[in-house]
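Here is the structure we will look at, set down as structure tokens.
No value in this document is a laboratory result; all are computed from the given coordinates. A quick note: this is a predicted structure, and the numbers were derived from the prediction, not measured. A quick note on method: Cβ atoms are made from the backbone with ideal geometry, for glycine too, and the neighbour counts reach across all protein chains shown.
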Amino acid sequence: MNFEILEHPADVGFRAWGDSLEDLFGNCAGALISIILDPSNVERNQRWDLEAEGSDRESLLVNWLNEVLYYVDTRRIVFDSFAVRFQEPFRLSCEATGEHRTPEKHPVRVSVKAVTYHQLLLSKTGPEWIAEVFVDV
Amino acid sequence: MSEIKLDALDDYRYRIARNETLGMRTDVLVFSSPVLIEHVKKDQSLGQAVNVATLPGIVGPSLAMPDIHQGYGFPIGGVAATDVEEGVVSPGGVGFDINCGVRLVRSTLTRADVKGRMKQLIDQVFRDVPCGTGTEGRVKLKHGDIDKVLENGARWMVEHGYGEAGDTERAEAGGAMKGALPGKVSDRAKERGAPQLGTLGSGNHFLEIQYVDRVHDASAAAAMKIEKDQVVILIHSGSRGLGHQVCTDYVALMNQVMPKYGIQLPDRQLACAPISSSEGQSYLGAMAAAANFAWANRQGILHFLRDAFGRVFGTDVRLELIYDVCHNIAKEETHVVGGRRRNVLVHRKGATRAFPAQHPELPPSYADIGQPVFVPGSMGTASWVLTGQPGAMAETFASVCHGAGRLMSRTAVRKGKNITEERRKLEDAGILVRSESRDGILEELPEAYKDVDEVIEVVHNAGLAKKVARLRPMGVIKG
């Protein structure tokens with residue numbers, strides 16, 4: 001498991017790890033999806049190109065996850081993989097695979113309103129990158 | 001947060017004196033009780049109220065209501081007024097669910113009328129009022145309609161067959177806030193929210209069929225046309241994905257522009273801009289549009305609720321709106337501060353407006369009693385009807401609490417719980433629960449919340465609001 005769910009008095013968060021920043025950002029996206037629905041049995045039948053930018057690493061992470069949330073919540077897509085590439089220090093693109101979700105196959109466990117800056121943590125410990133993110137549900 | 005020193009002023013008021021080393025521009029005033037304050041100390045909400053006290057242009061104290069708990073940036077149950085000329089507006093001070101609020105509906109039924117038919121009724125309401133987490137809503141908008149909804153709120157719904165004329169008379173701002181700028185709402189926010197119009201949503205949103213358990217203020221209850229054992233319905237929902245996206249968009253924008261305005265804050269989730277700036281004005285226009293979407297949303301839910309009651313009890317049964325209040329909003333209002341009339345922007349994040357009697361914004365039917373305030377408790381306990389009192393005008397920018405306040409995290413309350421057993425426990429207590437998701441029930445169990453009666457004692461005894469009636473649930477629909 002490359003992430004775990006964290007408790008918050010009113011809402012939900014997660015801690016994710018990665019061998020690189022790219023890896024970490026992908027794992028954070030996977031963690032976010034697992035809060036919203038059960039991500040098992042996702043068929044890899046389509047590809048989407050996602051992009052995000054920020055003014056620093058933290059805002060890039062929040063903006064990236066809000067971009068993923070838009071695809072999951074509004075466009076009703078569920079992803080199973082993310083290949084994140086940094087284009088510039090604070091801009092990324094991502095090839096993501098997955099499928100259009102249906103309420104029958106991937107019922108929503110809880111709707112996430114937004115990804116927040118609350119207690120946001122993004123750091124490198126030894127060779128490993130780690131992030132903590134809280135979302136409003 | 002060891003620097004935070006909390007002084008008890010009396011039985012219901014606590015103060016954190018201004019500490020400039022923390023960047024505070026003002027005091028924090030907390031309304032609480034010896035029991036509740038111990039819960040408050042366990043999370044970060046007091047630290048968040050201190051952070052709010054650092055906002056540029058804050059007027060009066062940073063306020064915390066007795067249901068305060070940890071939120072994002074602002075605490076939930078936080079109130080802050082900023083000077084309209086020199087102060088800032090913070091989207092986080094309104095929250096992601098812009099104009100999340102409650103409306104209370106009275107029926108012409110009594111508890112005895114529904115007793116043997118609650119199962120049929122709750123199942124019918126569950127079928128007719130979409131939760132919206134899995135499926136889309138039933139209000140179909142044509143191209144261009146969304147901007148009209150954003151401008152005209154509940155009025156648009158009534159004009160298009162989703163309600164009755166009286167529905168908009170008894171809602172805060174008539175169900176449509178002035179100053180809405182649909183053009184300042186992103187296409188993405190409209191795309192996210194439009195299919196959800198007329199749906200409850202998940203999380204703590206709900207629809208409860210309740211009965212009046214106790215009447216505390218007979219004349220106010222008479223003005224609201226409610227009496228003991230009458231069946232009422234409480235609807236708690238907000239602006240759905242549209243409001244969430246507006247907040248997301250503007251928190252991102254304000255984080256970008258804060259350096260331009262020389263603003264530095266201890267928490268990025270408080271991101272703000274001067275009210276007078278183009279970004280501040282754009283946000284306020286988008287926020288008002290999202291607020292109108294929320295009023296339209298609650299109006300749609302009422303319409304579908306009427307259908308459901310009609311199917312079960314026939315068309316003679318009437319459902320009438322008592323009032324509709326929002327508890328996540330920023331509103332420009334005039335208040336007397338330090339003996340001087342000031343125009344301020346009151347941020348209410350998990351707090352309800354509570355104007356006292358004779359306030360010019362009240363509808364005529366409530367002019368003599370004060371603004372109705374509805375405070376939902378948890379699904380197994382009770383909810384309250386209150387009226388705004390002069391104390392709120394004097395001390396809290398006319399604001400009171402909005403709920404019981406969470407005590408336990410969603411994961412903690414779920415732990416070791418079995419859905420069948422919990423559902424049976426609630427049924428044994430006379431409460432039928434329906435939800436699209438198992439977690440929707442388990443995460444909102446009564447033990448997750450503080451005692452709503454204790455919260456109400458604080459605002460009643462502190463003179464902010466007055467008890468009118470206590471409501472008990474019989475049927476609950478969770479998103």
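Just so you know, the averaged projected area of the alpha carbon convex hull for the protein assembly as shown sits at 26.0 nm².
Our helix-only sum for the protein assembly as shown, with -39,500 (n - 2.57) per DSSP H run of n ≥ 4 divided by its residues, gives a mean residue ellipticity at 222 nm of -9500 deg cm²/dmol.
By the count of other C-beta atoms within 10 Å, a proxy for reagent exposure, B:VAL413, B:VAL59 are ordered fewest to most as B:VAL413, B:VAL59.
Looking only at A:GLY30, A:GLY98, A:GLY126, which one moves most when chain A is put into a Gaussian network model with springs between Cα atoms under 10 Å? Among A:GLY30, A:GLY98, A:GLY126, the largest mean-square fluctuation in the Gaussian network model of chain A belongs to A:GLY126.
Amide H to amide H distances under 5 Å link B:GLU443 with no residue, where only residues 5 or more positions off or on other chains count and H is placed in the peptide plane. Under a 5 Å amide H cut-off, with hydrogens placed 1.01 Å from N, B:HIS205 pairs with B:GLY479 among residues at least 5 apart or on other chains.
Averaged across A:112-124, how many Cβ atoms of other chains sit within 10 Å of each residue's Cβ atom?
That average works out to 6.
At most 15 other Cβ atoms within 10 Å and a DSSP loop assignment: could you name the GluC sites (Glu not before Pro) in the range A:79-137 that fit? In loop regions of the range A:79-137 (DSSP not H, G, I, E or B), the sparsely surrounded GluC sites (Glu not before Pro) are A:GLU104.
Annotation: the residues B:TRP295, B:TRP384, A:TRP129, sorted from fewest to most other C-beta atoms within 10 Å of their own C-beta, follow the order A:TRP129, B:TRP384, B:TRP295. The mean sequence distance of close C-alpha pairs (under 8 Å, at least 6 residues apart), as a share of the length of chain B, puts its relative contact order at 22 percent. Binning the alpha carbon pair distances of the range B:289-418 at 10 angstrom intervals from zero yields the distribution 10, 30, 33, 20, 6, 1, expressed in whole percent.
All Cα-Cα separations within the range B:26-73 were binned at 5 Å from zero, giving a P(r) of 5, 23, 32, 22, 12, 4, 1, each value a whole percent of the pairs.
Summarising the label geometry, the points placed 7 Å from Cα in the beta-carbon direction at B:GLU227 and B:LYS119 lie 3.2 nm from one another. Pairwise Cα separations in the range B:6-478 fall into 10 Å bins from 0 onward with the following percentages, short to long: 4, 22, 33, 28, 11, 2, 0. Please name whichever of B:ILE37, B:TYR250, B:TYR72 sits farthest to the positive end of the charge dipole of the protein assembly as shown, dipole taken about the Cα centre and charges placed at Cβ: Lys and Arg +1, Asp and Glu -1. The Cα lying farthest towards the positive end belongs to B:ILE37.
Ordering B:SER277, B:SER45 from the fewest to the most neighbouring beta carbons within 10 Å gives B:SER277, B:SER45.
Full extension of the chain between B:SER365 and B:ASP307 yields a length gain of 18.2 nm, computed as 0.36 nm times the residue separation minus the alpha carbon distance. A simple charge model with +1 on the Cβ of Lys and Arg, -1 on the Cβ of Asp and Glu and nothing else charged puts the dipole of the range B:6-478 at about 700 debye relative to its Cα centre.
Seen from B:ARG117, the other residues with C-beta closer than 13 Å to its C-beta sum to a net charge of +2, counting Lys and Arg as +1 and Asp and Glu as -1.
Both numbers refer to the Cα atoms of the range B:204-257; Rg and Dmax are 19.1, 54 Å. Averaging Cα coordinates gives a centre for the range B:284-303 and one for the range B:324-338; these two points are 17 Å apart. Taking amide H as placed 1.01 Å from N in the peptide plane, the amide H of B:VAL337 sits under 5 Å from that of B:ARG342, each at least 5 places away or on another chain. Rounded to the nearest 20 debye, the dipole magnitude of the range B:431-471 is 300 debye, with +1 charges on Lys and Arg beta carbons, -1 on Asp and Glu beta carbons, and the Cα centre as origin. Classify chain A from the C-alpha gyration tensor, please: rounded if a/c falls under 1.5, else prolate or oblate depending on whether a/b exceeds b/c. Judged from the Cα gyration tensor, chain A comes out oblate (a/c at least 1.5, b/c at or above a/b). Distance between the pseudo-spin-label points of A:ASP56 and B:THR110 (7 Å out from Cα toward the beta carbon): 6.5 nm. Computed over the range B:182-275, the percent of Cα pairs more than 23 Å apart is 54. Place +1 on the Cβ of every Lys and Arg and -1 on the Cβ of every Asp and Glu in the range B:6-478, take the dipole about the Cα centre, and give the residue among B:PRO364, B:HIS327, B:SER186 whose Cα lies farthest towards its positive end. Farthest towards the positive pole: B:SER186.
Note on B:245-251: average number of Cβ atoms from other chains within 10 Å of each residue's Cβ is 4.
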